[in-house]
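Undergrad: I have a structure I would like to understand better, so I am pasting it below and will then ask my questions one at a time.
The values are calculated or read from the model by the stated rules, or taken from the named source; none is laboratory data. Since the model is a prediction, treat every value here as computed from it, not as a measurement. Heads up, the Cβs are rebuilt from the backbone with ideal geometry, glycines too, and the neighbour counts pull from every protein chain shown. Calculation scope for accessible area: heavy atoms of the full protein, side chains included, ligands and nucleic acids excluded. Shrake-Rupley method; radii C 1.70, N 1.55, O 1.52, S 1.80 Å.
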Amino acid sequence: MTVKPTYEELEKRIQELEKAEADCNFAEDRLKKIFDNTQDAIFIHDLEGKILDVNDKMCRIYGLTKEEALEVSIEDVSSSRMSMKVLLERWQEVLNGKKLLFDWEARRPKDESVFNVEVSIQMVSVHDEDIILANVRDITERKQAEEVLRETKQRFERMLGAVPDMISIHDPQMNILYSNWQGYGAVPEEKRLLGTKCYNTYRGFDDPCPDCLAKNVLITGLPVQSEVQLPDGKWVDLRVIPLKDKQGKVEMFMEWVRDITDTKNIEMELKSQKDLLEGVFDAIKDVIGIQLPDQTVVRYNRAGYDLLGLTEADVQGKKCYELIGRTSPCEICPTSKAVATKKMETLAKYVPELEKHFICTSNPVLDESGGINLVIEQLTDITEKKRIDEKLQQTQKMESIGSLAGGIAHDFNNILFPILGISEMIIDDFDPGSPERESLKEIMNAGKRGKDLVRQILAIGRQSEQQPIPVQIQPVLKEVLKLIRSTIPANVHIKQDIQKDCGAVEADPTQLHQIAMNLITNASHALEDDVGEIAVRLKEFDLETEDFISQNMESGRYAVLTVSDTGSGIADDMMGKIFDPYFTTKENGKGTGLGLSVVHGIVKSYGGDIKVYSEAGKGTSFHVYLPVINKTAEFEKSEKNRPLPTGNERILVVDDEAPIIQLEEALLKKLGYEVSSSTGSIDALEKFKMDPYAFDLVLTDMSMPNMTGEKLARAMIAIRPDLPVIICTGFSERIDEQKAEAIGVKAFLMKPILNRDIAQTVRKVLDEN
């Protein structure tokens, strides 16, 4: 029998049921709140696809009321562009128990607007009933962000693709994560690029490159840059840039590679051109300086640094005038003038600090606005040219003196000719030892000195050639000392020590006279107005092999002429210059600088040498060494006592000077010759033409008006080729022995001519003809 529950039990049970109902209602309410307030739209379908329930989110995003939502189908809330076939296939997959997640294009039925959703759909069992639960999330903003990201990526790729350089991104393991199109073009088409090792793809290495810059970037986190030459010869500018995370750790790196082959080639070409220009710049002999307008030096060429004895570092920032020890600009400055005028300026200047003469040219370099950027200065050293010009001027003076000397010599020789000739003719008319004979000797000696003086004048003017002959030096010194004694102050004592048996030398007497005269005159000038002594010594010296005076002198015997003075001496810095042409220590106008130079040249031409010793305050000594000839010379032998050769031939004498005609005519007649004379060359030629064989010899002067002796000789020889002709002249500028011989003249005599010379020459020519 069934026991009925008590009232209390029923009441308790009712309470339990009420509580369970309340709990159920609370849970249901809570689930509904969650269902309605979730961020996703929720669809509950039966297995046929009918919508059983939706939450509030679904109504809001689709723009429907709940009642309207329960009436729509899946097709109603899907975009017409979406394939229903695909949807049905996915629905079937869900019915088969598969959970799906996919993006879908949804549609709002009322306004037909389309938006993007993410759909999560699965089949679930509730109270033994299978239903389809679909979560739909509005992803419109995400899609928009993805689209923006996609467009940004496309722009980025287009931008990098347009860059002519190769840009790639790598991970720390050297895998290529990204590359622009230039990177793809750097490898063959059959090679993959992304995901490969850069060193294998680009270089074919199995391990990272030995010179890999990325290694340092990964270690230091700092970008690096380098110019690299590839195996194929190309040059690239490689930059590796680290890409870091928020913590500053390098998570990737970017390589930026630019082909600089053309630029590098241009750089190398420019460097080559620069080196060439630098070489040319430094090879220029003139000094080239580049300066700022304020005369601050930028640089010089090699000639400039050599001139100043400085380096490029020494001149940086210095003013040009500071480099030569000045504190202010030069008084004459072409750069200052060029800056003022903005034109090229050229001038000549002497720089005492450098002891040089220059032609200075300053050329301003102007900018577009007409301002001065730089000034190019060129210095041409004309010191040597200046010296040569001065020598040339002096030479021209000497040539003028020579020309003047030639004219004087001609006239002077014509004057001396009758003096010597007449004295020589009448000296024998007086008894030996008579006063008259001695006077005539003095006249003859004076005439001979005059003759030698003319020869010396002509030698200075280079108008005559000197022929060395055996000469005793003692008589020459005696004559020089006698001549110079009257020209030096009385307070200067001359001391003589002349060895009488000193051997003869082979020289020209006039040049020996010139050597002694120059040395003794210089000694007297060294004493000036002071009391002092000049010593003149001559001795013979035996030079042995071990003795060293000069490397140009051979061993043997030498005549040594020494001229000493007790003057102030020669300064050490002058010793090396005293034999230079035109060098003189005398005041302007008191010396030519030629004396010692000429002496030096004469001594050297004779195979000798000249040495000088000097001490400040104690005087100077010149030692002239001349080789003594081996053969014994006979000087002024008794040949003068032999009778003059005579004859009876017919001689035509031609000269425009009447006294000379008379002298020559008297001498030749005295020697037995038949003489006919003429004071004009035209008259003489007419006389000759009347009877060319009326004369056995013609003796003619060279310098005559209307027709010279040379032309007269040519005309006569043209008429009679076997005619012997002798030409006499007081000046040999127009004719010498070689010219005379070339035109058929048999002999050539220099005035003034001694009677013996005329007699012997006439006889010799007649005998040889």
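Undergrad: Would you give the gap between the C-alpha center of the range 40-79 and the C-alpha center of the range 241-307, rounded to a whole Å?
TA: 77 Å
Undergrad: Just to check I understand the Karplus step: with θ = phi - 60° and J = 6.51 cos²θ - 1.76 cosθ + 1.60, what whole-Hz values come out for the range 675-683, glycine and proline as x?
TA: Taking θ as phi minus 60°, the curve returns 10, 10, 10, 8, 9, x, 5, 5, 4 Hz for the range 675-683.
Undergrad: Let me ask another. Counting only other residues whose beta carbon sits under 15 Å from that of residue 316, what net charge do I get with K and R as +1, D and E as -1?
TA: -1
Undergrad: Can you send over the solvent-accessible area of residue 252, 1.4 Å probe, protein chains only, in Å² to the nearest 10?
TA: Here the residue's solvent-accessible area equals roughly 60 Å².
Undergrad: Can you give the net charge of the other residues whose Cβ lies under 11 Å from the Cβ of residue 357, counting K and R as +1 and D and E as -1?
TA: 0
Undergrad: Using alpha carbon centroids, what distance separates the range 92-123 and the range 126-161, in Å?
TA: Cα centroid of the range 92-123 versus Cα centroid of the range 126-161: 13 Å apart.
Undergrad: Would you mind pulling out the separation of the Cα centroids of the range 204-230 and the range 328-371, in Å?
TA: So the separation of the two Cα centres works out to 55 Å.
Undergrad: To the nearest 10 square angstrom, how much accessible area does residue 76 have with a 1.4 angstrom probe?
TA: Around 60 Å² of this residue is reachable by solvent.
Undergrad: Could you put 495, 4, 356 in order of accessible surface area, largest first, with the 1.4 Å probe and the full protein assembly present?
TA: 4, 495, 356
Undergrad: Accessible area, 1.4 Å probe, largest first: how do 272, 597 sort?
TA: From most accessible down to least: 272, 597.
Undergrad: Taking a 1.4 Å probe, which of 716, 750 shows the most accessible area, and what order do the others take after it?
TA: Of 716, 750, the descending order of accessible area is 750, 716.
Undergrad: Among 235-244, 150-159, what's the highest-first ranking by average C-beta atoms within 10 angstrom per residue?
TA: Top of the packing list down: 235-244, 150-159.
Undergrad: Placing unit charges on C-beta atoms (Lys and Arg positive, Asp and Glu negative, everything else neutral), compute the dipole magnitude of the range 278-345 about its Cα centre in debye, rounded to 20.
TA: Its charge dipole is roughly 240 debye.
Undergrad: For all pairs of alpha-carbon atoms in the range 227-384, what percent lies in each bin of width 10 Å, listed from the first bin to the last filled one?
TA: All Cα pairs, binned at 10 Å, distribute as 9, 27, 22, 13, 12, 11, 4, 1 percent.
Undergrad: Around residue 102, what is the net charge, scoring Lys/Arg as +1 and Asp/Glu as -1 over all other residues with Cβ under 9 Å from its Cβ?
TA: -1
Undergrad: Express in Å², to the nearest 10, the accessible area of residue 104 obtained by rolling a 1.4 Å probe over the protein heavy atoms while all chains stay in place.
TA: Using a 1.4 Å probe on the heavy atoms, I get roughly 20 Å².
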